[in-house]
Each structure stands twice: as C-alpha cells, then as structure tokens.
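This report refers to the structure that appears directly beneath it.
The values are calculated or read from the model by the stated rules, or taken from the named source; none is laboratory data. Keep in mind that this is a model prediction, so the values were computed, not measured. When we count neighbours, we look across all protein chains shown, and the Cβ atoms used for this are built from the backbone with ideal geometry, even at glycine.
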Amino acid sequence: MTSIVGPASFKFFGIFPSMIFSFIIPVIGVGLFAYIMARRLAPLLRANPDNRFDHIGQRVKNLIIVWLGQIRHPRYMLAGVLHICIFFGFLVLSIRSTSLVIVGFSDGFVLPGFGGSLGSIYNFFKDYAATVVLVACIIAAVRRGILKPERYAVPEKYGHDHTAEAVFVLGIISVLMISESLFEASQVVSESRFTDHAHFLAPLSLVWIFRAILTSASQNVLQGLHIFAYFVHDITFFFFLCFLPLGKHFHVITSIFNVFFMRVKKGNIKPVMHGVTDEQLDDLESFGVKKLEDFTWKHMLDFYSCADCGRCSDHCPADAVGRPLSPRFITIKARDLMFKNYPLTGEIYKSNLLVEDIYTEDEIWSCTTCGACEQECPLGIEYIDKMVDLRRGMVDEGMVPQSLQKPLKALEKRGNPYGKMEKKRADWANDKEFKENHKIKDLSDKKSKADTLFFVDSITSYDDNIQDIARRTSIILEKAGVDFGILGKKEKDSGNEVIRFGEEMLYQELKEQNSEAILDTGVTQIVTADPHAYNALKNDYGNLPPVKHISQVVAQKIAKGELDLKPCLDPDKVYVYHDPCYLGRHNDIYEDPREALDAIDGLTRVELEKSRDRSFCCGGGGLMLFYEPEEETRMGVLRVNMAAEIGATVIVTACPFCLVNIQDAIKVAGKEGEIEALDFTELIEQHLL
Amino acid sequence: MTQIYAYIPHTNGVAADAALEFPSAAKKIDDGASVTAVVTGSGADLDKVAESMTSTYSQVIKIDNADLAYPNAEIVRKALINIIPADAIFLAVHDTFSMDLAPGLSVKMDSAYAADIVDFEGVDGTNLKAIRQELGGAVNIHVNIDISSGAVITVRPGSFAPVEDGSAGGAVEDKSGDAGDLSAKRKFLEIVEAEVGDVDITKSDVLVSIGRGIEDEENIEIAQELAEAMKAVVSCSRPIVDAKWLEKSRQVGTSGLTVKPKVYLAMGISGSFQHMGGVKGKPFIVAVNKNPKAPIFQVADVGIVEDILDFMPELAEAINDL
Amino acid sequence: MEILVCVKRVPDTAENEFELNSAGNDLDRDDLVYSVNEWDNYAVEEAIQIVDKLGGNVTVITVGDDESEEVLRREMAMGANDGILLSDDAFEGSDGRGIAAILKAEVEKGSYDLIMTGAQADEGAAQVGGILAAMLDMPYASLVNKIEPGEGKITVGREIEGGNQEMNEIDLPCVLSIQTGINEPRYVGIRGIRKVAKVEIPVKSAGDLGIDAGSVGESGAKTKRVDYFVPDMGEGAEMLEGSTGEIIEKLIEKLKAKGGL
C-alpha cells in the first residue's frame, strides 16, 4: 500500500496521466477568460473620456475603506455581514486557489514562503475561511431563494427576476469550498495512516468535519475522492472565472477598479465632456448622453460593476413614491444593452437613442438628484452625473416637457424661473415693518461695501411665502454682527437645478453673470440660507470666496459665544430636524443645524430613522417644483408621515424648497394642526435674545 | 347715413345671444345708422332664425342655399360680398367662425378690419373710434378705424347690452338669388364632438372654477374639498386642461363648455374673455385672485384679493362649520 | 412639402408685468422682455413634423425690425431650414392688412404648398392669416388643431366652441392658423440658438419686395393704434376687505343670499 497520489502524478486507469487535464483546464480557462474580458472592454474603449487619475491619495483611501474595508456593507446588517464573510473568505482563499492550480503539475507544491509556520497559520485561517464562506453561502441562498427580501424583486416592466442567477452562483461558490476541503481532507486522512504525527486541523472547520467523516474510508475511496475533488475544484474555478463577466457577478472582478475610480468630490456635476473647457463648449457637436457610447468609460464600468443588490432603489425617493424611476434598473438596463450590443461573438450593434430604446423621458426627469442612491452603493456607482448627462442629451434634442420649458425660458429672460422682473428681486426687503427696523445694503451699485454677501436666490426672493427666510436670515446676520449686503437686481438664479436639469449653456450664463457680480463686490465670504444655492456656488462655480450656509454661521457664532439664544418658547413641542439633501448628503453639513437647535434650552429634539446621510428627499427643489411627474404619492407626504410616526410635532428644515414641499405635504397628508413645518431661520430668529 | 350689417350666427334654428347685442353696438358707432341683420343658412332653420330677428331688426336679409347649411367661412364670404354694399360696416361677433370669415371678407370688400372690439366711441368724419383689449386683458387700447371704404368689425360677445324690447317689426328680404357662385376650395366634413367627462359642469348651479392660481396638480384637491362643502362642482379654465390636470369636459370658456350656473366662484382665474365667454346666464360671480389688477375683478360681483391656496381651505372649513 | 411659417416677436405675457409709461399712453417698454409669439411655436413645430414625415423645407418669416431676427433664429434652432426677415422703416405702424401685404410680396416670390401662422398673438387680432389667404386667393382655416396631409389636399381640424372639432378638407396650397395644443413644441435653449447664429438670414426691404412704401406702414393703415390705457376698474366687483375671517363671513352671507349655499 502506498500513500495517496496527487493530481500531478495520478494516472487514470493506471495509464492516462491526469496532469494533462491539470494543464488543459487552466489553459482553456485563462484563454477563454482573456477573450471574454477583451470583448467586455470593447465598449469602454469607444466611450467618452473621464478624468479618474487625479486625487490618487483619496482613491487609495477609498480602496482601503470602501473596497477592502467594506464600509458601506453593514448599512444592511445581515446582507452586509454575509457579504463581508464571503468577500474576506475569497481574499484568503485566492492564495490557496492559485497554489492549487500549480499542485496539478507539482504534487505538494506550496507558494514560496508558505512552507513553514506561515503556511501553517495560513492553512488554519483558510480552513475557517472556506467554512465561513460555505455557511454564508447557505444562509444567503436561503435568504435569496426562500425568504426573498422585497428589495431584490424585479417589477415586470424592468425585466426578469435575477434570483436564479444569484442562487446558482452561491451554489458554485459552495462547490468550490466543499471540493477544496474534500481534496485536503482525503489527503490528511490518508497521510495520517502512514505517519505518526496527527495533522493539526482547525477544529470544526469544513476540513476537520470531512476528516472525521472519512476516517474509516478505504484508501481507494480516499484516492478517488482526492483526484475527483481536485478536478471538480479546478473545473469549477475556471468556469466561475469565465462566468463572472457574464452577469451581475462581474463585480467580483470590477469592484476594485470601480471603487478606485469612484467619485472623490461631492456636490459637483461632471463637465459636459472631460477635457473640454467651458469656453470650448460651443464647439461640441453634441451634448450629453444620447447613445450608449456617449457615457464615459467609468460610467460603463459602473454598469458592469452593479451587483444588483437594490440598495440604491431601496433608498430612492422617486421609486418610493411610484415615479417611473428605479436607479437599480438605470444600471441593469444599460448593462443588458452593453451585453446585447457588444456580444461575446459576432458583430457589434449600432446604438439607438437611449431614451427611446431602454429609458423613457419621464424616467430621466423623475430624479430629484438627492444622492441617496450614490450614498448607499457599496461599489461607488454614480447616478446623478448620468442623469444629468442623459438630460443634457434630451435638452440638446429639444425633448423637454412643456412644464419645464416655461421656467427655463423665464430663467433665460429674467434670471428666475417665475418670470418676475429683475427689479423686484429685492422686494422682500421693502416689507413695511421690516424696512422700518432693518436696512439691507445693496452691494451691486458699488456705493456700499460689506465683508459678506447674502446670496438670496430666486425662491427666497420672489415667493411670497418664503421671503420671510430672507428677512429672518438678515436679522440673524445682523444680530450675529455680520457686515453683509445683497446683490439686489444683479443677482440671478444660482442655477443649481439648471445644470442638473441638463441646460448647461443656460447654467453657464447664470454662473457668469453671478460670478461677475459677486467678484465685483469684493466680499470675502458668501452666506446663503438656500442649500441649493450653497451647493452651486460652492461646488459648481468654484471661483468664488468661501460659502457658508446660515446654519454654519449660527453654530459657529453660538460656539464662540457671539450669539445667545433664549430658552425654548414652546417646550411642549417635539422638534425633528429634516436634513436637506443639498446641505447633508452633498455637503456633509449634519451637525451645525443640530448644534444650533440643541443650543436652545429646553427644546425637545428627536431623530428620524432616515436622517443624516440617509435623509429622505422632500420632493426636490428648483425646477423640480415645476415638473409634474407621474407618482402615486408625494415624497413630502411620506416624509411627514415618518416624522409623525416618531411623535414629532415640528419639522425643522434648513431649505426653502424643503419648507415648501413639507408645508404642502402636511396639508395633503391631512396633518394640519398635528404637525407643522418651520424653517431653521424662523426657529433661530424667534429665539434670538 | 352709416349702413351697418350684422351677421347673425345661429345653430339649430336659434340665433346666438350676440344677435341681440349688435343693435347696441351699432348705436355706439352711429346713433342714426340703419342696421340690417344678415342671416345665411338653409331651409326651415334659416327661416326660423330670420323670422325671429324681425322683432329686433327692422330689416332682415336672408340668404338661403344648400351650400350654406353649415357655415363654411369661404362660402359665406362669397355670398356676402355680393350682398353687402362696399362702403357698409359689417359687424360679426368675435367667435371661432368669424375668425375664419372676417379677415378675408375685409380683403374682398377692400375695407378696414378691426377685431374683438369691446366698445365704440362714435364716428368722427370717416374715423370710427373703438376700444380693444391687448395682452390678455392687461391693457386697453384705443384704435381708429378708417371707414371711408367700409369696415369689417368683430365685437366681443357680451360687451354690448342685449336689446330685448322686440318691437322692431322688421321684414325678411330674401336675397338668395344674389349670392352668386358658391364653389369653394374648402369642404366641411364633420364635427367631432368633445368627449363627455364624468361630471356635467353645465348642469350644476354652483361652480368652483379654478385657473392658473391653483399652481399645482395636487392642489386641485383643495378646490374639490371646497366644492364638496358647497355641494358644487369643480370646473376650470383652459390652462388647467392644457396641463392635463383636469379633463376637457371641465373647461369653461369659448374653447370649452358654456355654463349657466347661479353662482360662479372664479378661483385664481385671471378672467380672459375667452374664459368668461363660457359663463352665461348672469350668475353671481365671486372672484378670488392674488393679483388686485386681475381683469376678473371687472366682471365679478364680489372680489377678494387673496391667495386661493390659503383662502379656499379656510372658506371650506367655515362652510362646513355652518 | 414647402412650408412657410409666419412668426412674430411679441412682449411675453408670462414674463412681464404690464404697466403704462409715465405719460399713460403706451406700455412701459423699458423692462419688457420679448419672445416669439406662443402660437407661432406650435405652427413651427407642426411644420417641422410634417416635413420630417414627408420631406421638404420649412421657412420662417417675420416682418419687423433688426431685433426680430432673434425670433427667426429661435425657430431655426427648433429645426426650420431658412429664415427671412422683412424689414424696412416704411413697414412701421402697419396694420394687419399692411403686414399681410408685405408677406404676400415675399410669398409670391417663392412656391409654397402650405403657409402657416399662429392662430393669434397676445398683442394681435388673429387676422394676418385670414387676410393673407384672401389676398393670395388661397383657401384658409383658422384655429387648426389637427393636420393630416394628403395628395394635393389636406384634412384639418379646427377648434370650435364647446371644445368640439370641425373637420375640413382643403385644397393645397392653403393658409392655416395654428391653435395651441396641436403638438408639444420642442425646447430651444441658448445652445440651439448659438448653433444657428451664423446662418445667414436675408433681410428684404420694401424696395426688394417691390412694395409701394405708401401702401403699407402707418400711412397705409386703415386701423391705427392710438393710445393704451388701463381698463377702468370703477364698475367692477365689490371688493371685500379685512381679515380673511371677516372676508369669509361677508362672503358666506352673500353666497347664502344668492343661492350658493
């Protein structure tokens, strides 16, 4: 009797060397994989440019935190932990899998350095890794195949269900784990019969269990199992490798790149074309994304990388209210189109207009650009820039809903979406009572000077119900000792939504006029009470003095002791702070408004479950107020209901659009009298000493 | 002496309301003018209308021809140019038919053309002074019409007081023989009736009618609630239908339905004449509008300057509390 | 199909608050913004859609001053192939008939199957289409809200009272005035206009058109604008004033009396 023979020396029926298979399988596997990858790369080579090689430090950091650290996964606890188990199991086992391929030519091969104690330690961990991965796969398969969380459901209009593919892959991974363990267990049992020392195996690991099962097996069975397990593993391994680029498991390969290249700046919008300056825009033949190849290569990589986990759509307010938009399917539909137009064999198909082919116009206009989807995606897939690029394409083709054409035209003619006259922009300061006590400097005529510009923006300037925010902001600034003035009729709409609705040239014009007017005043900082204006001036313009939101000013002045607030006037009320998307998610301002609220003595404040970077959009601002989407309910109504559920009686927000939407939603939800909406500036102004 | 010819629109043997308004308009042009009614059509319906006009007009001309059974503007024009004297003033009501007929008629008669006149201020030599509205009723404008070689003028329906004494005792003169060749390059095919909606706004005594002031589709609910409180029905102006917020069957106006309620609440409606043209029967009109200069306040009985989005819920609540 | 669309530059009712000047006889025009007449956009869109289907050319034309070129460019950015500006000091003050006479001179130089205008303008009288048709001896239909082109003929729907539609068959060439709602005009942004900024637009004067300057303009007009004034509000509604509560109280009393409650 001899010891067990490895795949490098084994001969089928005593004559046919199995090493031939050990050789053929990897050659075919790697060859096929290389071919598939080359085909998959084809569309990326035809895509538009994208500048993703900047901020290398930040990108490496993202790689460590988002990819390796899996930081976003535990936001969904069970699914996240399962994924982390499988992810790290794969990382650990990748070394083992590589050496196993070589074992096929060289019995007992170990990677350099893995011969001694490092090898033993590694073996200990990889045995557990395989076990944990198997257990995680079983739980995941039960979850996907039997419990079926709603998040993974595919509505009929978006195509077929993806459960089968998910369970199949979990099965493949399980086969890899089992075959690897059987390969090792059969060897360990056999060797223990010829040597004295008992081989140490990690207790309760898969190998350990298989060893226990196989203790009494005959040497022939062990030998057969050993070789069988090897080739099952070998074939499955290369099959899996080639299967990955065919579906949602492509992310196993692409995620590392996708995370490295993910967006590093927040709140901004990509240029119309990377490498083309604003001045050169007029020379471009076409604007935005009209056909598949108009996407940038990174956006195509996004499509490949989507794991179809549904987290984006689970947090998408448009999806929640039944608008015809689900970010997950923006990606899946594009990926399917890439697979269809760039098949693995044969000719590449010509692309059609995307909004007629796979998307609808309403789908693309339905996005409020709140950013919840991007915040959630564990792989760093982007949506806002794609929406904006698709809208740029539609605007260029004249495909703009009538309801949006009017405000866009008014913005072009009058610098505000309402078509109100420029000279009435500062009318809010002429309120009789206000005017008696407060004088607002107009910096546009250059006769007055101030350090700080209060940028009011259109809604706060013109909407009768919102003008109070302008007056209250002025009073707060005055009280806080800020020397400020306004641009008056020279101020134009900040254009935050103009660029986001794809009207790039109109945005450029507004930006130019505002920039010139602002820089002319010589101010050293800008303050606004409108997060949309804040975002545009800070992240889109990029040529202005520092910009602050009024909540930041208040929080800082309170911290310095330069602003004191009275005890709460309504201590019986329960306040909740609603994070505006353009203050929170796009600009990371979560604490300042909360600190300011908490500085009011005796104010009871509760937190929404969906708060901070998981805040739920109120319905959108700017031009979104003019768009009439198909929807079952309003985002604002859902938001008001969330606040009512936790017993809040006052929703405090720090954005004029949130205020409009939430006030309306309270009426629609029939909660007048139960709950009220209040702007941050109103609450603070009431409590000024 | 100024000769005035008034074109009488009619359907199913009944003259339109405007038929009674021309004498007042004519009087404002020239008190001493002779006024002749002109009725075109065919058969018994025509006779009925022509006969009914004799109580208002001392002279009535009828032109009877099978080709005139449906008022095809091109054919009517051909008939009229052979009958109306070249230097006469031809009056029509500013409706969808005369928009087809009148501009071309003025060319063929080689006379002046003025449309949609809301008032006349008399003749001075060959110069007729009249008033029009422009820019959606935001401003009025005086116009001078040179009537030396006649004029074709359309007047806004409802702008001149109807004459109801019916003592003219006129006679019908049949000028069908003078009509001449009535061949045309345009052929009338059929009328496609507007779809009938779920609610018949023409049957309701009280209408809560909304316009642009409603701002948003969702706010229509606020109007519905007020209508419920008043046991009324919601109707609307054209922009609301254009925005597809309500069905066409809810639209009041010349391009929508004509209603005759007892009480008409115009909520956030500016009051263009195209809209008010659909409000008949002299209802009690309440207008609520943010803009104190809205033209609706000229035609309403009661005016309130408020934002309807705030006002309507409060009114509904007050009514529910009664 | 060769289509000519007549357009007009007007003060924009949506983006203006109309006020009289200090003399009280004209609009305060300092702060007015102008754009293409809303109805004309529908006409141009319809023309483009017809040409997209059947082939041909869309030409836009206007009578006006230098600034009117802006509206031609906007319509060309929508997709009209050519623009023609008819401009001459002699044209100023023309009435509808004068404008139509100027247009007629140019129309006769070309060969058009279909001529369109907007049904009306906020500043106008819904007249030019009808007058032009009669001058050209072409058949005419106003307030058109549906077009189905056929062989040498065209079927059109007219929007008439009661929201009904009057269907007609008209021989080509003809003149149509287009009502809003017939289509959804496409969007034109700044970029679109810039793209056609360098396209040459011929400008034609009275001399080029062979028009006797005396027959058009102020001197040829039989209907002349005199002065603007604000409608008298005197006989208008009884305005209810006071707090909202007081107003509602008064209103409810009145509604009760009139059978509204």
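Taken over the stretch B:275-294, residues that are at the interface with another protein chain (Cβ under 10 Å from one of its Cβ atoms), under 17 Å from the mean Cα position of the chain (by Cα) and closer than 21 Å to residue B:242 by Cβ amount to 2. If you go through the stretch B:157-193 and keep only what is within 10 Å of another protein chain (Cβ to nearest Cβ), part of a loop (DSSP other than H, G, I, E, B) and touching a residue at least 60 places away in the same chain (Cβ under 8 Å), you end up with B:184, B:185.
For the stretch B:238-269, filtering for residues that are crowded, with 19+ Cβ neighbours inside 10 Å, in a loop (DSSP other than H, G, I, E, B) and at the interface with another protein chain (Cβ under 10 Å from one of its Cβ atoms) leaves 5. The conditions of being assigned to a loop (DSSP other than H, G, I, E, B) and within 14 Å of chain C (Cβ to nearest Cβ) are met by residue B:110.
One line per residue, one yes/no per condition, for (1) at positive phi; (2) in a loop (DSSP other than H, G, I, E, B); (3) at pLDDT 95 or above:
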position: A:543; (1), (2), (3): no, yes, no
position: A:548; (1), (2), (3): no, no, yes
position: A:554; (1), (2), (3): no, no, yes
position: A:558; (1), (2), (3): no, no, yes
position: A:571; (1), (2), (3): no, yes, yes
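For residue C:77, indicate whether it is within 14 Å of chain B (Cβ to nearest Cβ), assigned to a helix (DSSP H, G or I), touching a helix residue (DSSP H, G or I) at 6+ places or on another chain (Cβ under 7 Å) and at pLDDT 95 or above. When the stated conditions are applied, residue C:77 does not pass them.
Counting residues in the stretch A:70-77 that are farther than 18 Å from residue A:237 by Cα, among the basic types (Lys, Arg) and in contact (Cβ under 8 Å) with a residue 40 or more places away in the chain gives one or more. Looking across the stretch A:363-380, the residues that are within 25 Å of residue A:532 (Cβ to Cβ) and either under 11 Å from the mean Cα position of the chain (by Cα) or modelled with pLDDT under 95 (or both) come down to A:370, A:371, A:372, A:373, A:374, A:375, A:376, A:377, A:380. Answer yes or no: is there a residue in the stretch C:162-169 that is more than 24 Å from residue B:244 (Cα to Cα), surrounded by 20 or more Cβ atoms within 10 Å (Cβ to Cβ) and within 7 Å of chain B (Cβ to nearest Cβ). Yes, that holds for at least one residue. Within the stretch B:281-315, being of a type in the set (Val, Ile, Thr) and modelled with pLDDT of 90 or more holds for B:285, B:286, B:288, B:302, B:304, B:305, B:308. Among (1) more than 14 Å from chain C (Cβ to nearest Cβ); (2) closer than 30 Å to residue A:652 by Cα, where does residue A:516 come up short? Tallying (1) more than 14 Å from chain C (Cβ to nearest Cβ); (2) closer than 30 Å to residue A:652 by Cα, residue A:516 fails exactly one: (2).
Across the stretch B:113-129, what is the number of residues that are aromatic (Phe, Trp, Tyr) and more than 7 Å from every other protein chain (Cβ to nearest Cβ)?
Qualifying residue count, the stretch B:113-129: 1.
Within the stretch A:272-311, being part of a helix (DSSP H, G or I), closer than 20 Å to residue A:512 by Cβ and in contact (Cβ under 8 Å) with a residue 12 or more places away in the chain holds for A:278, A:281. In the stretch B:72-83 there is at least one residue that is closer than 18 Å to residue B:183 by Cα, in contact with a Pro (Cβ under 9 Å, 6 or more places away or on another chain) and within 11 Å of another protein chain (Cβ to nearest Cβ).
Restricting attention to the stretch C:11-59, the residues that are farther than 23 Å from residue B:239 by Cβ, away from chain A (no Cβ under 14 Å), among the hydrophobic types (A, V, I, L, M, F, W, C) and not in a strand (DSSP E or B) add up to 5. Hey, does the stretch C:177-199 have a residue that's of a type in the set (S, T, N, Q), more than 14 Å from chain A (Cβ to nearest Cβ), buried (at least 20 other Cβ atoms within 10 Å of the Cβ) and within 30 Å of residue C:98 (Cα to Cα)? Yes, the stretch C:177-199 contains at least one residue that is of a type in the set (S, T, N, Q), more than 14 Å from chain A (Cβ to nearest Cβ), buried (at least 20 other Cβ atoms within 10 Å of the Cβ) and within 30 Å of residue C:98 (Cα to Cα). Does the stretch A:244-271 hold any residues that are over 30 Å from residue A:505 (Cβ atoms) and outside any helix (DSSP H, G or I), and which are they? Within the stretch A:244-271, just A:247 meets the criteria.
When restricted to residues that are surrounded by fewer than 16 Cβ atoms within 10 Å (Cβ to Cβ) and either of a type in the set (S, T, N, Q) or touching a Leu at 6+ places or on another chain (Cβ under 6 Å) (or both), the stretch A:550-574 contains 2. Determine whether the stretch A:531-543 contains at least one residue that is within 20 Å of residue A:452 (Cα to Cα) and assigned by TED's automatic domain parsing to the domain that holds residue A:678. Looking through the stretch A:531-543, none of the residues is within 20 Å of residue A:452 (Cα to Cα) and assigned by TED's automatic domain parsing to the domain that holds residue A:678.
The rows are residues; the columns are (1) in contact (Cβ under 8 Å) with a residue 40 or more places away in the chain; (2) under 23 Å from residue A:237 (Cβ atoms).
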site: A:107; (1), (2): yes, yes
site: A:131; (1), (2): yes, yes
site: A:161; (1), (2): no, no
site: A:164; (1), (2): no, yes
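Within the stretch B:225-233, is there a residue that is closer than 29 Å to residue A:664 by Cα, without any contact (Cβ under 8 Å) to a residue 24 or more places away in the chain and in a strand (DSSP E or B)? The answer is no; no qualifying residue exists.
Put simply, of A:436, A:412 the only residue that is in the same structural domain as residue A:522 (by TED's automatic domain parsing), in a helix (DSSP H, G or I), over 33 Å from the mean Cα position of the chain (by Cα) and among the charged types (D, E, K, R) is A:436.
Every residue, every condition in (1) part of a helix (DSSP H, G or I); (2) closer than 29 Å to residue A:308 by Cα; (3) β-branched (Val, Ile, Thr), yes or no:
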residue: A:23; (1), (2), (3): yes, no, no
residue: A:41; (1), (2), (3): yes, yes, no
residue: A:52; (1), (2), (3): no, yes, no
residue: A:60; (1), (2), (3): yes, yes, yes
residue: A:63; (1), (2), (3): yes, yes, no
residue: A:87; (1), (2), (3): yes, yes, no
residue: A:98; (1), (2), (3): yes, yes, yes
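Within the stretch C:150-161, the set of residues being more than 7 Å from every other protein chain (Cβ to nearest Cβ) and either within 15 Å of residue C:4 (Cβ to Cβ) or assigned to a loop (DSSP other than H, G, I, E, B) (or both) comprises C:150, C:151, C:152, C:154.
Selection of the stretch C:1-10 for residues being surrounded by fewer than 20 Cβ atoms within 10 Å (Cβ to Cβ) and within 14 Å of chain A (Cβ to nearest Cβ) yields an empty set. Can you confirm whether the stretch C:205-223 contains a residue that is within 14 Å of chain A (Cβ to nearest Cβ), on the phi > 0 side of the Ramachandran plot and surrounded by fewer than 20 Cβ atoms within 10 Å (Cβ to Cβ)? No: zero hits. Looking only at residues of the stretch B:199-224 that are assigned to a strand (DSSP E or B) and within 14 Å of chain C (Cβ to nearest Cβ), we find that the one that is nearest to residue B:316 (Cα to Cα) is B:208.
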